[in-house]
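Working notes for the structure below.
Read-outs throughout are calculated quantities, based only on the coordinates presented, and are distinct from any laboratory measurement. Quick caveat: nothing in here was measured; it's all calculated off a predicted structure. Please note: Cβ atoms are built from the backbone with ideal geometry, for glycine as well, and neighbour counts cover all protein chains shown.
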Amino acid sequence: GAGVSQSPSNKVTEKGKDVELRCDPISGHTALYWYRQSLGQGLEFLIYFQGNSAPDKSGLPSDRFSAERTGGSVSTLTIQRTQQEDSAVYLCASSLVPGLSTDTQYFGPGTRLTVL
Amino acid sequence: GNSVTQMEGPVTLSEEAFLTINCTYTATGYPSLFWYVQYPGEGLQLLLKATKADDKGSNKGFEATYRKETTSFHLEKGSVQVSDSAVYFCALSEGTSGTYKYIFGTGTRLKVLA
């Protein structure tokens with residue numbers, strides 16, 4: 001596709017439910033990142049994929065958060081037993097060349113998660 | 001650890017005014033520096049970047065110069081337009097930890113009045 005796409009664009013869920021957020025990176029981009037944008041915390045890194053492996057999961061806030069990537073393409077971020085503090089916009093980004101700090105990350109439009 | 005500090009907003013300017021948004025960073029290695037812009041209701045878009053000291057990034061009339069001696073990457077524009085109203089994020093990418101995640105500043109909201 002032309003850009004990074006994410007689905008759903010909006011998700012409203014009840015506290016305690018599980019949610020899955022999907023990211024389709026730009027075709028051919030090997031590196032994929034998840035970030036979270038919230039009012040109190042700004043933009044925070046969550047996890048980095050190089051291909052299908054995740055060498056850096058240091059930003060995941062708790063063990064309720066997990067992510068996977070299959071076929072070197074689509075990634076899914078799963079939040080189990082959602083809490084109200086999980087409410088945020090979840091952003092996905094991809095870049096062409098992993099292991100290169102000069103490489104530009106291209107961001108998707110985000111998924112706005114609201115936990116009631 | 002690595003960090004980015006941006007000036008607090010919001011910044012309110014009249015059309016055609018000069019804009020500066022300050023950004024300073026702390027990094028252990030040799031980071032690349034970026035400015036991203038988020039227009040109302042839209043996603044993050046790359047505005048400009050610089051990958052080594054003394055590089056100047058520029059786009060759409062915006063400029064920023066990578067100053068290693070002052071660890072700064074201030075964003076400037078000579079004459080802002082109403083359409084520049086957005087939130088601007090400074091970010092760095094540096095790979096000594098084996099990842100190339102971005103570290104973002106808190107964002108600066110710019111409002112330009114006609």
Checked chain A against the a/c 1.5 cut and the a/b vs b/c comparison, axes a ≥ b ≥ c from its Cα gyration tensor; verdict prolate
Each residue of A:102-109 has, on average, a number of other protein chain C-beta atoms within 10 Å of its C-beta equal to 6
Note on chain B: contact order normalised by length, alpha-carbon pairs under 8 Å, 6 or more apart, percent, works out to 36 percent
Looking only at aspartates and glutamates whose Cα falls under 19 Å of B:K111's and that sit 8 or more positions away or on another chain, we get B:E8, B:E15, B:E16, B:E42, B:E63, B:E76, B:D84
In whole Hz, the Karplus estimates of ³J(HN,Hα) for segment A:51-56 (6.51, -1.76, 1.60; θ = phi - 60°; x where Gly or Pro) are x, 9, 9, 10, x, 9
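Report relative contact order for segment A:41-99 in percent, whole number only (criteria: Cα-Cα under 8 Å, sequence separation at least 6).
It rounds to 23 percent for segment A:41-99.
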Expected unfolding gain across A:D18-A:Q41 under the 0.36 nm per residue rule, minus the alpha-carbon gap, is 6.1 nm
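Which order results if A:S66, A:S94 are arranged by neighbouring Cβ count within 10 Å, fewest first?
Details: A:S66 14, A:S94 25.
Taking fewest neighbouring Cβ atoms as first place, the list is A:S66, A:S94.
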Expected integer from the mean partner chain Cβ neighbour count at 10 Å over B:50-58 is 1
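Can you check what the Kirkwood hydrodynamic radius comes to for the protein assembly as shown, Cα pairs only, in Å to one decimal? Can you show the working numbers first?
Working: mean 1/r = 0.0552 Å⁻¹.
Computed over the protein assembly as shown, the radius equals 18.1 Å.
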With a 26 Å threshold on alpha-carbon distance, the violating pairs from A:K17/A:K57; A:K57/B:K56; A:K11/B:K77 are A:K57/B:K56; A:K11/B:K77
Mean other chain Cβ within 10 Å across B:24-34 is 1
Contact order relative to length for chain A, counting C-alpha pairs under 8 Å separated by 6 or more residues, stands in percent at 37 percent
Shape descriptors of chain B over alpha-carbon atoms, Rg and Dmax in angstrom, are 13.7, 46
